[in-house]
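Readers should treat all values here as calculations from the given coordinates under stated rules, not as data from a laboratory. Nothing here was measured: the structure is a model prediction, and the numbers come from that model. Virtual Cβ from ideal backbone geometry, glycine too; neighbours counted across all protein chains shown.
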Amino acid sequence: TASTAPLKLTSGTKLTTAEAGAVEYNGNFLLNNATLRFPVGGTLFDFTTDATAGGAEGDIYSATLAANTFNGNGDKVFASYGGNFVTAGTELTQLLVKFANTTIWDSTSVSPSAGTTSWRVHAELIRVSSTVIRYTISLIAAGASTYVTCAVGELTGLTLSGTNILLLRGASSGVGSGSGDIVGKMASILFHPAA
């Protein structure tokens, strides 16, 4: 009937062991085969409210990835962030992407021209093993001048069965007006299980 789900799963303790054909929910939907649980892909987080960082380093967007989000090798997380640099004086601004409390990418010193300059960061993380992810991160900034950069790397020593945080931070040199130097306008974080 209208407004009634034919199947509803509430959060709670997972089965002691995975069972073939079982569907579970612990913050993410999990599909079971005989021995493994596979998270169902989809949007983990959407951010559409303005978030600002200015003066000192501060979070623009932060998402907590539930334990076992990266359950299998080849699982991927895609993150796309967009916003504006708002500069005054000689203010220098930076964007940083962090995962599991480690900076995996830093735009170094992006010094946008006076006025508002748009930016977009795209990050892709893939699980290689239970302790290793690889990533690609790109930045495009447009306006009076265009700035493009890309980074590829690997992060080791992780505990991917635990909770991890993926965040975009903004920082500035502290020179200039320093209030609202970076404005985030939107972000989406998506999960895609291994094929």
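Using the Cβ-Cβ distance between T16 and A151 with R0 set to 41 Å, the FRET efficiency works out to roughly 0.50. Residues with amide H under 5 Å of I104's amide H, sequence separation 5 or more or different chain, H placed in the peptide plane at 1.01 Å from N; which? Counting only residues 5 or more places away or on other chains, the set is V97, K98, F99. Each residue of the range 59-71 was assigned a 3J(HN,Hα) from its phi angle through the Karplus curve 6.51 cos²θ - 1.76 cosθ + 1.60 (θ = phi - 60°); the sequence is 5, 9, 9, 9, 10, 8, 8, 4, 3, 6, 4, 8, 7 Hz, with glycine and proline shown as x. Can you work out the FRET efficiency for the pair H192 and N33, with r the C-beta to C-beta distance and R0 = 22 Å, to the nearest 0.05? Rounded to the nearest 0.05, the efficiency is 0.80.
Given points 7 Å out from each Cα along the Cα-Cβ axis, report the T64 to R134 separation in nanometres with one decimal. Distance between the two pseudo-spin positions: 3.1 nm.
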